[in-house]
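The values are calculated or read from the model by the stated rules, or taken from the named source; none is laboratory data. Here the structure is a predicted model, which means the values were calculated and not measured. A quick note on method: Cβ atoms are made from the backbone with ideal geometry, for glycine too, and the neighbour counts reach across all protein chains shown. SASA here: full protein model, heavy atoms, side chains in, ligands and nucleic acids out. Shrake-Rupley method; radii C 1.70, N 1.55, O 1.52, S 1.80 Å.
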Amino acid sequence: MSKSIKDMGWDELVPGAALFSFEQTVNYNIAEVQPEDRTYAETNSKNAYVGDWRVIKPVWNSEICIDCQNCWIFCPDSSIIARDKEMKGVDYDHCKGCGICVSVCPTNPKSLLMFNETEKNEDALAKWPEKKKKGESNE
Amino acid sequence: MNSKQMELNTVEVWDGNMANAQALRQAAVDVVAAYPITPSTATVENYASMHANGYVDGEVIMVESEHAAMSGCVGAGAAGGRVATATSSQGLALMIEVLYQASGMRIPVVLCLVNRALAAPLNVNGDHSDLYLTRDSGWVSLDSFSPQEAYDMTLMSFKISEHEKVRLPVISNQDGFMTSHTAQNVRPLSDEVAYNFIGDYKPLNAMLDFSKPVTHGVQTEHDWHFEHKAKQHAALMASKEVVKEVFEEFEKVSGRKYNIVESYGMEDAEVAIVCLGTTYESAILAVDKLKEEGIKAGVVAPRLFRPFPLVEIAQTLQNAKAVACMDRSAPGGTVGALYNEVAGALFNTSARPVLRNLIYGLGGRDMTINELCDIYRDLNKDAKAGKLTGKIQKLTGVRGPELSFYEL
Ligand code: SF4
Ligand code: SF4
């Protein structure tokens, strides 16, 4: 596919909205290759933005995070980016804003919190809550 | 094919269900996923017994509902197989969600739909309520009026469905009991001729091609949904030409000629009815009778229900003065679908015949030749008067005082 999907008309789409995994034939050791190093087809879901119904978003605070990978395991949309067992951030193109990552985060205070979609990440980080005392709610 | 050969006579006595089953056998379907429902049960029952006796190679999958039957077909079709199923009425109603999946995912599936009334009240007999339910589901829809035609349409459905320009599922309709359970002479093609006519199945983007994995039925929101639907609609509209081509090719191998709009007596007809299914054959007899009386009657039946042959219908009706559109489905608070579509077809032409909407034959009630003659005589009054002599819509054949609606 030479054209970017954004420039394509209805008549150029694959019948039946089928998505191909990769441009080339599959390398079965793909698990060894980081997603950013793979060649996805234009129509792959990796390239399709589906995060547009989110009204609240998770913001990640790298200062407190202990890289436990809980959020990565639990995210139902594979939207937590982790490399070599290190938390790297949130993929906002695909994150639906469900908040599951926040609820499973074990640190005190949490290293992921939900903020309004319109809030800037740096503003959100500036108002991060203090460590909670024993018995106080962790939310 | 390593299945056992079935010896067929030049002329077989088959009902519509057996005609369907034989067409599925000859098409060498890979997967039939089915759940029984009257009157289409015998289609898959016959097929399953051919399977059990070694006459077919494919899989017969028994599922727990019609929703699962169509889901099984969509899955097997996406995987890269030739698939088919059969249903009726409530079963179709339960399948309907998956019908949209099949057409949206552009998976060729052949559905033998044996038309039957929708409950309540529960009724196993024939009318077109389920056929109408498939109207906007994005399937090509063909209608047959006899077991011979059911056999022919079901065979041709595979070729149309799998055509590279179409890649859409196809419904092969027939009237419940009237066609499905009436045994008549059917002239089958030989297995070889039938299979070669359809050809080998060439899957497109098969899910089980491991060198090129693919996801079917993905999510598209406002950004791409419209474009995908546009592509689907374009393919459905373009399928009309493919249907014509397939009809022509079929004529070469079988000698039987089909048109996307069938008509009889329309050369000089002043009064005409438009109908679907077996009523067409009864109307032919009524037309002959009326021509002797000096009434210039004709009958038109869209063989292709989807895509709707709007222009061809208008051309066939261009000289008629009074037309009755016959809908065999409970109207649900408006005029029947056929009336709407035919009115739409005629509105932009200079021919503007007087148009009636007759709701008839619900739940399997007979439409006799005498009743059809009466309908033509009423139409003749309209034609003579140059205007409607009654209301637009009438429920004809219902007990009790006349029930009619929409007075001009
Ligand atoms: S909010 Fe939900 S979708 Fe988004 S990263 Fe967290 S768990 Fe994943
Ligand atoms: S769950 Fe919380 S602490 Fe664990 S990796 Fe995710 S953000 Fe970091």
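In this structure, B:ALA102 does not satisfy being farther than 18 Å from B:VAL31 by Cα, open to solvent by less than 10 Å² (accessible area, probe 1.4 Å) and over 14 Å from the mean Cα position of the chain (by Cα).
For the range A:23-44, the count of residues that are within 14 Å of another protein chain (Cβ to nearest Cβ), within 30 Å of B:ARG167 (Cβ to Cβ), within 17 Å of the chain's Cα centre (by Cα) and surrounded by 18 or more Cβ atoms within 10 Å (Cβ to Cβ) is at least one.
Within the range A:98-134, being within 16 Å of ligand 2 (Cβ to nearest atom), open to solvent by 30 Å² or more (accessible area, probe 1.4 Å) and polar (S, T, N, Q) holds for A:SER103, A:ASN108, A:ASN121.
Looking at B:PRO169, B:PRO213, B:PRO188, B:PRO203, which one is over 30 Å from B:ASP378 (Cβ atoms), assigned by TED's automatic domain parsing to the domain that holds B:TYR132 and under 17 Å from the mean Cα position of the chain (by Cα)?
Being over 30 Å from B:ASP378 (Cβ atoms), assigned by TED's automatic domain parsing to the domain that holds B:TYR132 and under 17 Å from the mean Cα position of the chain (by Cα) holds for just one of B:PRO169, B:PRO213, B:PRO188, B:PRO203, which is B:PRO169.
When the range A:46-55 is filtered for residues that are exposed (fewer than 15 other Cβ atoms within 10 Å of the Cβ) and not charged (D, E, K, R), the ones remaining, listed by number, are A:ASN47, A:TYR49, A:TRP53, A:VAL55. Would you please name the residue that is surrounded by the most Cβ atoms within 10 Å (Cβ to Cβ), looking only at residues in the range B:184-224 that are touching a residue at least 24 places away in the same chain (Cβ under 8 Å) and within 17 Å of A:ASN44 (Cβ to Cβ)? Step by step, filter the range B:184-224, then rank; the result is B:HIS216. Whenever a residue of the range A:64-76 is farther than 21 Å from A:LYS127 by Cβ, its partners that are open to solvent by less than 100 Å² (accessible area, probe 1.4 Å) and not aliphatic (A, V, I, L, M), lying with C-beta atoms within less than 7 angstrom and at least six residues away or across chains, give the pairs A:ILE66/A:THR107; A:ASP67/A:GLU86; A:CYS68/A:PRO106; A:ASN70/A:CYS105; A:ASN70/A:PRO106; A:PHE74/A:CYS101; A:CYS75/A:CYS101; A:PRO76/A:CYS98. Does B:HIS163 satisfy the criteria of being within 25 Å of B:THR87 (Cα to Cα), under 21 Å from the mean Cα position of the chain (by Cα) and open to solvent by 70 Å² or more (accessible area, probe 1.4 Å)? Criteria not met by B:HIS163.
Go through the range B:113-134 and give me each residue that's among the hydrophobic types (A, V, I, L, M, F, W, C) and open to solvent by 10 Å² or more (accessible area, probe 1.4 Å). Can you show your working first?
In the first step, residues of the range B:113-134 are kept if they are among the hydrophobic types (A, V, I, L, M, F, W, C); the result is B:113-114, B:117-120, B:122, B:124, B:131, B:133.
Across the range B:113-134, the qualifying residues are B:LEU118, B:ALA119, B:ALA120, B:LEU122, B:VAL124, B:LEU133.
Among all residues of the range B:237-253, there is at least one that is touching an Asp or Glu at 6+ places or on another chain (Cβ under 7 Å), modelled with pLDDT of 95 or more, under 12 Å from B:ILE160 (Cβ atoms) and in the same structural domain as B:ARG106 (by TED's automatic domain parsing). Within the range B:388-408, the set of residues being without any contact (Cβ under 8 Å) to a residue 24 or more places away in the chain, in a loop (DSSP other than H, G, I, E, B) and not β-branched (Val, Ile, Thr) comprises B:LYS391, B:ARG399, B:GLY400, B:PRO401, B:GLU402, B:LEU403, B:GLU407, B:LEU408.
You will find that of B:GLU249, B:GLU227, the residue that is open to solvent by 40 Å² or more (accessible area, probe 1.4 Å) and either free of Cβ contacts under 8 Å to residues at least 24 places away in the same chain or assigned to a loop (DSSP other than H, G, I, E, B) (or both) is B:GLU227 and no other. Listed by position, the strands (runs of 3 or more DSSP E) contained in the range B:76-193 that have at least 1 residues being among the charged types (D, E, K, R) are B:140-143, B:170-175. Figure legend. Inter-residue proximity from the range B:104-130: first residues over 21 Å from B:VAL44 (Cα atoms), second residues of a type in the set (Phe, Trp, Tyr) and open to solvent by 10 Å² or more (accessible area, probe 1.4 Å), beta-carbon distance below 7 Å, spacing 6+ or different chains. No pairs are indicated.
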